[in-house]
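Some notes on the structure that comes next.
The values are calculated or read from the model by the stated rules, or taken from the named source; none is laboratory data. Computed from a prediction, not measured in an experiment: that's the story for all the values here. Ideal geometry is used to build each Cβ from the backbone, glycine not excepted, and the neighbour counts take in all protein chains shown.
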Amino acid sequence: MSSRPRRSLQLPLEAGRLSIREFTAADEAAVVALYGDPRVTRHLLHGPADEEGARQHLAQLVRRQRDARRDTWELGVELRGVAGLVGACDLSLHSPAEAEIGYLLSPPHWGRGIGTEVATALLRAAFGQLQMRRVLSTVEISNARSIKVLEKAGLRWEGTLRRYARTRRRWWDVHLYAVSREDWLLARS
């Protein structure tokens, strides 16, 4: 039996124009399109590399959603008035006090503030429902759009991690962004 404390999110997360929810098998076409787009995956350290990989990834996500003692939530992002998923995001617990967030969107939805809404919804869930004390995110150093999203959502640069991971036949350098619960709440008061 796991010694992890039971944590749960009340889903879907509703935020402005968005609904952030569990994946279903019906999301296959959207997941294949999202992870199959090299513009989307260019800055991803990990993830499916092809159509079959995307299908397998979705099947694994749907299976893991049944785990009663989850420490990672990988979720689909819907935009009200748009059919199907427009992106994906995740919230992972690293310790009882610290979580990490990540997100990706399909290119037609870039530059419209949706990424900031997703990141803000994940922060709200981490600090509210899950009572985390700190939330972080790593971003590939050349991903200027994602850096801007993190800053707008309230995370601050803490440093650069050189040779953070070796994947996809190269070493990746990333920036570390983070915010404490107190600083995030203070910025919203």
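Residues in region 148-189 that are outside any strand (DSSP E or B) and not aliphatic (A, V, I, L, M): Lys148, Glu151, Lys152, Gly154, Arg168, Arg169, Arg181, Glu182, Asp183, Trp184, Arg188, Ser189.
Taking region 120-163 as the range and being crowded, with 18+ Cβ neighbours inside 10 Å, within 20 Å of Gly16 (Cβ to Cβ) and without any contact (Cβ under 8 Å) to a residue 40 or more places away in the chain as the test, the residues that pass are Ala126, Leu150, Ala153, Gly154, Leu155. The criterion of being hydrophobic (A, V, I, L, M, F, W, C), farther than 24 Å from Asp173 by Cα and in contact with a Phe, Trp or Tyr (Cβ under 6 Å, 6 or more places away or on another chain) holds for Leu61.
All of (1) of a type in the set (A, V, I, L, M, F, W, C); (2) within 24 Å of Leu130 (Cβ to Cβ); (3) modelled with pLDDT of 90 or more hold for Leu58 with one exception: (2).
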